[in-house]
Structures are given as structure tokens and as C-alpha cells.
Ligand SMILES: Nc1ncnc2c1ncn2[C@@H]1O[C@H](COP(=O)(O)OP(=O)(O)OP(=O)(O)O)[C@@H](O)[C@H]1O
Ligand SMILES: [Mg+2]
């Protein structure tokens, strides 16, 4: 299976500093990939660089085989990006937010009935149907997050890219969000998210661990525990302090886990 997004030797420099160091990885279609790492390790920068919001200083990014670094406009419609901060209008209702996003992003020829039907489907999938006439500012954080996700889903992107979707959510709501993302996976969406939470890593397919701009691990949860020699994933952040980011990166590159990371997870489970 070809990778749907691939990064080859990507670096990103800003303010005279290397924020991303020589990162190579592949995102496979239909997987949920979670980017983890301490605050300031480069998670959001990696996400933004992956979808060409940041222009890399060097390296190549491909999307479905095409060169994304040169032709971002050809790929934009496939990318649904939900930044950490809300992008929805607080004084409009949930329905109005969906309606205006639909009018902006869907073909102008689409009828009112077709738009209403589409919005209805997403409100149901996201579990916010009963809240549709409420102003967004009256919603809880978790409900607002789901509206943000829905606004991106309306345009039916192939990729859903979420920066810290679980921040500010209680554990049960966070679990609901991951169940929702797994449902979207069944709709053939490829999902990439950043998180600080170690709680539901068993609900994602692939982990990318960042430290000081280096990719220090890429692979499954069980391989991650073997590589770092930990029993509980919660011990990861303490464990990575044992070596420098560059040392972990080199250790990972020399390990057996590097070649496993180059395969889609479905391939590994077979
Ligand atoms: N355009 C920029 N100019 C200068 N420094 C930048 C720029 N973008 C990111 N940085 C720096 O790069 C580092 C990584 O930032 P980034 O936002 O990617 O971290 P993060 O892992 O997402 O952190 P958090 O978990 O706190 O969200 C930080 O030190 C940040 O200040
Ligand atoms: Mg961030």
C-alpha cells in the first residue's frame, strides 16, 4: 500500500534554530497517527509542516504520490485541519456554523435540501443533533471540539488533522472523541493528531514521538514500550530524559523498529 503522505529528510528552521531535524516518515491511508512529545518538542510544527502551512527549509513531502511541497493548492481540498484554538463563530448556532461552512466549501449548485441532509448526517455522527440551535458559546469544550471537527468534515476531506483535540476534555469525553475518530476511520479518513494524553493510545494505530525537534520513535504502542523499555506508557516522558534527543534518534534509527515503521500497520498485523 503506498503511503498517503510521506516526508523525506524534512527540516524546518525558524529564529536561527532547527525546530525539525531531518524527519522521514510515512502516513498510511486509513490509519490514526498520534504525535506525542514534551511541550515545545515540535509536534504542532511537524503537523503544520506536513500539510505545508509551514514551508520546510529542506526535504520533500509527497501526498498520494504527488509533490505537495510544490503544489499545495492541488492538495488543500483533501486536508481538513482543526487547529488547537476554536475557529468557529461563537455567536452563531451550531447549525448556522455548519450551514455557512457548507455554503463556503461545497459546490454552489448544491440544493438547500441536500445541504440540510448532509448537515443532519454530521450532527448525528458527532452526537450534537440536540444542540443544533444553541449558540456555540453555550456549548461545553467537548461539544465545541466536535463542531470544529464537523466543520472540516463537511467538505469531505481525505485527511483529518487535529492539533490537541483532547486538550481540556475529561477522560470520558476524550474516550468518546477517540471512538468518534475510529468511526471516521471506517469512512476511509486518514487521521493525524497531536496529544499530551497517554490515556487512550490503544485506540490509535501509530505513534510518532518527538523530542527537541527529533523524531525519536515511529510505530505501534507495543513496539514503543519495547523500544523504550517501559511497562506503562505513562512512564515515557520520564524515561526519555535518560538520553539526549539526538541519542534517542540515533538509537531508533539503528533499531529493528525502524524497518517496522516503514510498513502500514495492517501489513504488520497480518
Ligand atoms: N515560527 C517560529 N519561529 C520561531 N520559533 C518557533 C516557530 N515555530 C515554532 N517555534 C518553536 O519551536 C518549538 C516547537 O514548537 P511547537 O509549537 O511545534 O511545539 P509543541 O510540541 O507543539 O508544543 P506544545 O505541546 O506546547 O503545543 C518551540 O520552542 C517554539 O517556540
Ligand atoms: Mg503544540
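Observations
- Members of the stretch 80-100 found to be in a helix (DSSP H, G or I) and either touching a residue at least 24 places away in the same chain (Cβ under 8 Å) or in contact with a strand residue (DSSP E or B) (Cβ under 8 Å, 6 or more places away or on another chain) (or both), listed by number: 94, 95, 97, 98
- Residue satisfying all of: in the stretch 155-174; away from ligand 1 (no atom under 16 Å from the Cβ), more than 16 Å from the chain's Cα centre (by Cα) and part of a loop (DSSP other than H, G, I, E, B); farthest from residue 141 (Cα to Cα) among these: 155
- Evaluation of residue 234 against the conditions (1) modelled with pLDDT under 95; (2) under 25 Å from residue 177 (Cβ atoms); (3) more than 21 Å from the chain's Cα centre (by Cα) shows that the sole unmet condition is (3).
- Which listed residue is within 16 Å of ligand 2 (Cβ to nearest atom) and either surrounded by fewer than 20 Cβ atoms within 10 Å (Cβ to Cβ) or over 20 Å from residue 224 (Cα atoms) (or both), from 29, 38: 38
- Selection of the stretch 21-79 for residues being under 19 Å from residue 194 (Cα atoms), more than 15 Å from ligand 1 (Cβ to nearest atom), in a loop (DSSP other than H, G, I, E, B) and touching a strand residue (DSSP E or B) at 6+ places or on another chain (Cβ under 7 Å) yields 29, 30, 31.
- Counting only residues that are away from ligand 2 (no atom under 16 Å from the Cβ) and under 23 Å from residue 154 (Cβ atoms), the stretch 41-84 holds 13 of them.
- Test: residue in the stretch 183-202 that is assigned to a helix (DSSP H, G or I), touching a strand residue (DSSP E or B) at 6+ places or on another chain (Cβ under 9 Å), within 23 Å of residue 238 (Cβ to Cβ) and touching a residue at least 24 places away in the same chain (Cβ under 8 Å): yes
- Residue 18 closer than 21 Å to residue 211 by Cα, more than 12 Å from ligand 1 (Cβ to nearest atom) and in a strand (DSSP E or B): no
- When the residues of the stretch 118-138 are filtered to those that are modelled with pLDDT of 95 or more and outside any helix (DSSP H, G or I), the one that is farthest from residue 163 (Cα to Cα) is 133.
- Which listed residue, of 4, 8, is over 30 Å from residue 129 (Cβ atoms), modelled with pLDDT of 95 or more and away from ligand 1 (no atom under 16 Å from the Cβ): 8
The values are calculated or read from the model by the stated rules, or taken from the named source; none is laboratory data. Remember, predicted model here, so these are calculated numbers, not experimental data. Note that we place each Cβ from the backbone using ideal geometry, even for glycine, and neighbour counts take in every protein chain shown.
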